[in-house]
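Worksheet: one structure, shown below.
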Amino acid sequence: MALTGVEIFKLLPKTNCKKCGHPTCLAFAMKLAQRQASLDACPDVSEEAKKILGEASAPPVRPITLGVGEKAVKMGEETVLFRHDKKFVNPCAFAVEIKDTDEEANVVKTIEAVLDSEIDRVGQKLRVDAIFISNESNDAGALESLSKLVSQKAPDVPVIISTKDPAAAEAALKIFAEKKPILFGANSENLDAMAKVATQFKVTLGITAKGLEELTTLTEKAKSLGVEDMVIDSGARKAKEILEDNTLIRRAAVKKNFKPLGYPVITFAQRDDSMLETLIAALGVAKYSSIIVLSSIEKWKNLALFTLRQNIYTDPQVPMQVEQKIYKIGEPTSDSPLMITTNFSLTYFIVSGEIENSKVPSRLAVMDCEGLSVLTAWAAGKFTAAKIAQFIKESGVENEISHREIIIPGYVAILSGAIEDKLEGWKVTVGPREANALPAFLKSRAS
Ligand code: SF4
């Protein structure tokens, strides 16, 4: 069971030295109890206390890593039921299924689609994260051949090997021995043998069950057989069952600290109907799946799911923001236009994207407004004439440009007079309200 704040407090040094960033040891203990702080923040905690607290403060959903290198995916470590309670920690991974019964040409096409799936959205790289290699044929040789092909064509892409046959698993795992794959397919009939293979190769074991009760029994047994890292599948396949089981699993893990269900969840969304598959996958994104298996890759489906995942896994307490500075778009000269906006990531990427579309080389002054968008920052008193004037003066942009004109967003046209008062010798031009009108606006000025 999780320790209470007072129980944790009793184990801390009680010097109130504030090194952890909290005013007292008790305040820090309360944060630890709510899983809103990490024990590492206290440099003076004793080894004995570390041992007790380390166990108690371990995240209720066990951290698991799939794959190695840049494309490795971290999962688990979740501590809350609702994103607004704190945040969701590790974005779920999307894995596309390739069966060992598929035609080789189709296999190659799917692998290429995985490699080509990466997009850049508001500064983050989003992609289909893994390949789910399925032993549909039940033939060990077929699984081995497919594993070789995947390893050869996509050596950096993390893989999940799915088979119920321990011997087939062993042959496939040899191919990915150093790449931290997941072995999926342990069930009530093969658990002993699969656990043996998983511990031998030191890989995460994926356990599949018929319901939560059986799942609990199986994870406890796997643990007793020496398996530490697991991903779990309750057997739910219909949307309603996925929602119910995923919620019960997360609730048991984070509210009751129930260790047998404290593992990342794998969800199977494959459907013949792509729209339905996307909806099931979206349900998994919103409700606690750590790996979502898809049947195919389509650009529209990727875009919808990537965007949803990014939104759900953004920390709601920390707006996404970019660095305050003067950004050069294209190769601006000293005569090129200068625009200003706030440092909310989405605002920056949309505005800079539209300036790029205009093909008019420009400078974009991006002002730190704590990640708020233009209107919100203005309403909060962070995007004011005085602050804009101060930023422009301190930015040094005056040394880069020969003119003294700044284009402000149309939504804050009201600031134009006040900015001219504060920025002596400058002309303020009111730009369009919406970023999508920027290309026409800039082109008309250039012509
Ligand atoms: Fe207490 Fe440790 Fe925080 Fe110091 S750093 S106040 S000893 S919890």
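Annotations
- Highest-first arrangement of 70-79, 322-331, where packing means the average Cβ count within 10 Å: 70-79, 322-331
- When GLU112, GLU55, GLU241 are compared by accessible area of protein heavy atoms, the largest-first order is GLU55, GLU112, GLU241, using a 1.4 Å probe.
- Pair-distance profile P(r), taking every C-alpha pair of region 64-312, with 10 angstrom steps and integer %: 8, 33, 39, 18, 2
- When SER296, SER352, SER46 are compared by accessible area at a 1.4 angstrom probe, the order from most to least is SER46, SER296, SER352.
- Straight-distance crosslink candidates among aspartates and glutamates, where the alpha carbon sits under 16 Å from LYS240 and sequence neighbours closer than 8 are dropped: GLU277
- Computed Kirkwood radius, in angstrom, where 1/r is averaged over Cα pairs of region 5-56: 10.5 Å
- The chain - percent relative contact order, Cα under 8 Å, separation 6 or more: 11 percent
- Calculated on alpha-carbon atoms, Rg and Dmax of region 166-292 in Å: 14.7, 41
- Accessible surface of CYS92 - all protein chains present, 1.4 Å probe, nearest 10 Å²: 0 Å²
- Placed amide H near MET367: partners under 5 Å, 5+ positions off or other chain: THR341, THR342, ASN343
- Prolate/oblate/rounded call for region 325-446, Cα gyration tensor, a/c under 1.5 rounded: rounded
- Computed over the alpha carbons of region 371-423, Rg followed by Dmax gives 11.4, 33 Å.
- Sequence of MET230, MET275 when ordered by accessible area, the most exposed leading, probe 1.4 angstrom: MET275, MET230
- FRET efficiency, 1/(1 + (r/R0)^6) with R0 25 Å, evaluated for ASN357 and THR307 via beta carbons: 0.80
- Using a Förster distance of 35 Å, the FRET efficiency for THR247-GLU434 (Cβ separation, nearest 0.05): 0.35
- For region 64-312, averaging the sequence separation of C-alpha pairs within contact (under 8 Å, six or more residues apart) and dividing by the residue count gives a relative contact order of 19 percent.
- Potential lengthening between ILE52 and PHE82 on full extension [0.36 nm per residue; Cα-Cα distance subtracted]: 8.1 nm
- Hydrodynamic analysis of the chain uses the Kirkwood radius over alpha carbon pairs. Inserted into Stokes-Einstein at 4 °C and 1.567 mPa s, it gives a translational diffusion coefficient of 52 µm²/s.
- A full extension of the chain between LYS387 and ALA413 corresponds to an added length of 7.8 nm, given 0.36 nm per residue minus the alpha carbon distance.
- Rounded to the nearest 20 debye, dipole of the chain from Cβ charges on Lys, Arg, Asp, Glu: 1320 debye
- Solvent-accessible area of SER38 with every protein chain in place, 1.4 Å probe, in Å² to the nearest 10: 60 Å²
- Computed [θ] at 222 nm, deg cm²/dmol, the chain (DSSP H ≥ 4; -39,500 (n - 2.57); rounded to nearest 500): -12000 deg cm²/dmol
- Sorting 164-175, 218-229 by their mean Cβ neighbour count within 10 Å, with the most densely packed peptide first, gives 164-175, 218-229.
- Fraction of antiparallel bridges per DSSP, region 64-312 only, in percent to nearest 5: 15 percent
- Angle between the chain longest axis and helix 212-224 axis [Cα atoms, degrees, rounded to 10]: 80 degrees
- Within the accessible surface of region 325-446, defined with a 1.4 Å probe on protein heavy atoms only, the carbon and sulfur portion equals 50 percent.
- For region 325-446, the dipole from Cβ point charges (+1 on Lys and Arg, -1 on Asp and Glu) about the Cα centre works out to 140 debye, to the nearest 20.
- Compared with the dominant principal axis of the Cα atoms in the chain, helix 47-57 is inclined by about 90°.
- For LEU115 and LYS14, a Förster radius of 60 Å and the Cβ-Cβ distance give a FRET efficiency of 0.65, rounded to the nearest 0.05.
- Cα→Cβ-extended label distance, 7 Å offset, between LYS174 and MET275, nm: 4.8 nm
- Choice from ALA41, ALA236, ALA193 with maximal GNM fluctuation in the chain (Cα, 10 Å cutoff): ALA41
- Listed pairs LYS125/LYS325; LYS148/LYS255; LYS153/LYS210; LYS18/LYS382; LYS86/LYS153 exceeding 32 Å between Cα atoms: LYS148/LYS255; LYS153/LYS210; LYS86/LYS153
The values are calculated or read from the model by the stated rules, or taken from the named source; none is laboratory data. Bear in mind the structure is a predicted one, so any value in this text is a computation, not a measurement. Here the Cβ is made from the backbone with ideal geometry for all residues, glycine too, and neighbour counts use every protein chain on show. Note: accessible area is taken over every heavy atom of the protein model, side chains too, but ligands, DNA and RNA are not part of it. Shrake-Rupley method; radii C 1.70, N 1.55, O 1.52, S 1.80 Å.
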